[in-house]
Every structure is written in structure tokens, then in C-alpha cells.
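A.B. asks: Before anything else, here's the structure in question.
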Amino acid sequence: MNFDTFLMQIFNGLSISSILLLIAIGLSITFGIMGVINFAHGEFLMIGAYTVYLTEKILFNKLGENSFFVSIILAFIISGFIGFILEKLLIKHLYGKPYEAILVTWGLSLILQQLARNIFGASNVDVISPSILSGGIKINNYIQLPYNRIFIIIISIICIILLYIYIYKTSNGRKMRAVMQNRSMAACMGINTQKVDSLTFSLGCGLAGIAGAIVSLLGSIGPSTGQNYIIDSFMVVVLGGVGNLAGTVGGAIMMGVFNTFFEFVTTSSMGKVIVFSIVIIFLQFRPSGLFSVKTRSLD
């Protein structure tokens with residue numbers, strides 16, 4: 001592998017890291033606050049991807065290629081709203097029940113996938129990418145950075161900045177961190193923990209929806225699109241540390257870059273084996289991940 005190829009794989013890995021980051025943040029804060037392992041989280045990525053597909057079908061004649069950029073906002077709203085409804089109807093009954101949560105959310109994942117097959121069909125569909133995102137920045141004769149992957153990285157950075165502002169600079173963000181540190185004490189201080197749970201879950205689902213919207217730039221989408229990313233996203237959460245924004249960013253970068261690099265130099269399956277082996281060895285020395293959340297709860 002020459003140096004130019006190495007740089008291209010690093011760049012491709014960063015674009016994949018951006019997608020994993022948006023998915024993993026939702027998983028991380030959901031588990032950190034509610035203790036729910038959501039195996040249906042990947043299906044919100046699928047919902048976001050199909051939102052792009054439907055938006056282009058409905059609005060393309062009016063907005064043209066700009067319908068894609070509108071669909072990114074709609075993907076966040078629709079995925080977040082569906083997450084809010086499911087939290088009220090189902091997820092809230094699973095708090096403190098980790099084994100039941102795994103089974104129920106896994107079943108919910110299968111239901112949502114089958115529902116997508118019934119509505120859109122089992123075959124994958126393609127989304128029309130804006131012409132402005134075609135081509136790329138040519139560095140030299142061997143390196144060209146595709147505009148669509150640059151766009152994916154930019155969207156991820158914007159989402160992280162906005163999420164940081166929300167968590168650390170707003171009243172709702174302070175309530176979220178308080179519940180994550182000590183739910184009982186937060187409730188005693190007058191914080192509506194159920195409201196925090198609902199907003200947090202819908203926020204995580206909305207971010208997964210944005211991830212689904214930008215995933216559509218990389219290829220066709222289908223009912224199982226979310227399953228292609230969910231396992232790696234769980235690994236990001238474990239590697240970075242549950243409920244920690246900086247740890248999730250670091251874990252996503254490591255998983256995305258390592259996956260892309262090792263899959264290129266070996267095979268897809270062997271690359272996964274190598275990456276997971278590295279993660280397992282790493283967790284032997286740092287079982288709490290890259291960063292751990294400081295809590296005020298008593299053991």
C-alpha cells in the first residue's frame with residue numbers, strides 16, 4: 001500500500017466514523033440515562049434513509065435536488081417523533097429491565113424491518129444525490145476527496161457542535177446530565193425524569209435519522225440498512241465509554257478508520273475480526289472505555 005492509498009483509506013474511514021458517531025451518540029445517551037439497550041436503534045437509521053427517498057418522490061418536482069437537503073431535516077424530525085411515540089408506548093416500561101429490553105427491542109427491530117418491506121418492498125432503492133455533491137477535490141493524480149463524503153463529515157461535525165451546546169449550555173441539557181449522574185436525586189430536586197427520558201430517546205432517534213439520510217449518499221438503501229451499522233455502533237459505545245460525548249467521538253473515529261483500513265488490507269470478514277480483537281484486548285485494560293462518566297450515585 002502506497003502513501004496515497006493509505007491517505008484515501010483514512011479519509012474514507014473518517015466518513016464512516018461520522019455515520020457511526022451519529023448512531024452511537026443516541027445509543028450512548030439512551031443507555032447512560034435510561035439503562036436501555038436498544039437493538040432497534042438501527043431501524044431509525046432506516047427510517048431516516050426512507051424519509052429521504054419519500055421526500056424526493058414527493059418534493060423533487062417542486063424543489064429539485066434541494067429536496068435532499070430538506071429531507072435531512074425531515075429525517076431528524078420524523079425519526080425523533082417516531083422514537084418519542086415508541087418511548088411513550090413501549091420503551092418506558094423497560095427501564096431497569098435490561099434482559100426484557102434486549103428481547104423487546106430486538107423484536108421491535110424485526111417488526112420495523114418487515115413493515116418497511118411491506119411498504120417499500122424487499123429490494124433496495126436508490127436516492128438521487130444532488131449534483132453539487134458529485135465529483136471531488138483533486139489533491140493529486142492519485143488522491144481525490146469525494147464531495148459526498150466531505151459533506152457527511154461536515155454534517156456530523158455540525159450535529160456534534162449543536163449537541164454539545166444542547167447538553168452543556170442549555171437547561172434541558174443540564175437536566176439530562178443530572179439524571180444521568182443520579183436519577184433519584186434529580187427527581188428529588190424537581191426534575192421531571194420521565195420528560196427527560198422521552199426527550200433524550202427522541203433526540204437519539206433523530207440523530208440516527210440524520211445518519212440514515214447521509215448514508216443514502218453512499219449507496220442504495222433497504223429494510224436492513226440499519227443492521228449494517230448497528231453492531232459497529234454498539235462497539236463505539238463500549239469503546240468510548242457509555243454516556244460520554246468525547247469518548248463516543250474517539251470511539252467512532254477509531255472504529256471507522258480501523259474498520260476501513262483492515263478491511264482494505266485483508267478482507268471484509270477478517271477486517272472485522274481484527275478490529276473486534278483489538279477492542280476486546282483494549283477493554284481488558286480499560287473496561288470502562290476511553291472515558292467514563294463521573295456519577296454521584298452511591299454504590
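The values are calculated or read from the model by the stated rules, or taken from the named source; none is laboratory data. The structure presented is a predicted model; accordingly, all values stated were derived computationally and were not measured. Please note: Cβ atoms are built from the backbone with ideal geometry, for glycine as well, and neighbour counts cover all protein chains shown.
A.B. asks: On the basis of being crowded, with 22+ Cβ neighbours inside 10 Å, modelled with pLDDT of 90 or more and either under 20 Å from ASN244 (Cα atoms) or of a type in the set (Val, Ile, Thr) (or both), does THR30 make the cut?
C.D. replies: Considered against the rule, which asks whether it is crowded, with 22+ Cβ neighbours inside 10 Å, modelled with pLDDT of 90 or more and either under 20 Å from ASN244 (Cα atoms) or of a type in the set (Val, Ile, Thr) (or both), THR30 comes out as no.
A.B. asks: Another question about this same structure. When you go through (1) surrounded by fewer than 24 Cβ atoms within 10 Å (Cβ to Cβ); (2) within 30 Å of MET176 (Cα to Cα); (3) of a type outside the set (Gly, Ala, Ser) one by one for MET46, which number turns out not to apply?
C.D. replies: (1)
A.B. asks: OK, next. Scan segment 114-163 for residues that are under 19 Å from ALA211 (Cβ atoms) and among the charged types (D, E, K, R) and report the count.
C.D. replies: 2
A.B. asks: Let me ask you something else. Of all residues being touching a residue at least 40 places away in the same chain (Cβ under 8 Å) and small (Gly, Ala, Ser) in segment 107-133, which is farthest from GLU56 (Cα to Cα)? Just the residue, please.
C.D. replies: SER109
A.B. asks: Also, quick follow-up: Condition test on PHE39, is it part of a helix (DSSP H, G or I) and surrounded by 15 or more Cβ atoms within 10 Å (Cβ to Cβ)?
C.D. replies: Here the answer is no, as PHE39 does not meet what is asked.
A.B. asks: Within segment 82-102, which residues are modelled with pLDDT of 90 or more and out of contact with any helix residue (DSSP H, G or I) (no Cβ under 8 Å at 6 or more places or on another chain)?
C.D. replies: Within segment 82-102, ILE85, LEU89 qualify.
A.B. asks: Restricting attention to segment 88-103, does a residue exist that is surrounded by fewer than 16 Cβ atoms within 10 Å (Cβ to Cβ) and in contact with an Asp or Glu (Cβ under 8 Å, 6 or more places away or on another chain)?
C.D. replies: yes
A.B. asks: If only one of SER79, SER129, SER123 is under 30 Å from SER198 (Cβ atoms) and either part of a helix (DSSP H, G or I) or of a type outside the set (Val, Ile, Thr) (or both), which one is it?
C.D. replies: Just one listed residue meets the conditions, SER79.
A.B. asks: Name the single residue that is farthest from SER71 (Cα to Cα) among those in segment 129-145 being surrounded by fewer than 11 Cβ atoms within 10 Å (Cβ to Cβ) and either within 26 Å of the chain's Cα centre (by Cα) or at pLDDT 85 or above (or both).
C.D. replies: Selected residue: ILE137.
A.B. asks: Could you tell me whether any residue of segment 39-56 is over 19 Å from the mean Cα position of the chain (by Cα), among the aliphatic types (A, V, I, L, M), modelled with pLDDT of 90 or more and at negative phi?
C.D. replies: There is at least one residue in segment 39-56 that is over 19 Å from the mean Cα position of the chain (by Cα), among the aliphatic types (A, V, I, L, M), modelled with pLDDT of 90 or more and at negative phi.
A.B. asks: Next question. For PHE68, only one of the following conditions fails: (1) in a helix (DSSP H, G or I); (2) closer than 30 Å to ARG183 by Cα. What is its number?
C.D. replies: Of (1) in a helix (DSSP H, G or I); (2) closer than 30 Å to ARG183 by Cα, only one is false for PHE68: (2).
A.B. asks: Which residues, taken from segment 152-185, are under 29 Å from SER15 (Cα atoms), touching a helix residue (DSSP H, G or I) at 6+ places or on another chain (Cβ under 9 Å) and of a type in the set (D, E, K, R)?
C.D. replies: ARG177
A.B. asks: Separate question: From (1) touching a helix residue (DSSP H, G or I) at 6+ places or on another chain (Cβ under 7 Å); (2) assigned to a helix (DSSP H, G or I); (3) more than 21 Å from PHE234 (Cα to Cα), pick out the condition that doesn't hold for TYR142.
C.D. replies: (2)
A.B. asks: Could you check how many residues of segment 104-128 are among the small types (Gly, Ala, Ser) and crowded, with 18+ Cβ neighbours inside 10 Å?
C.D. replies: 2
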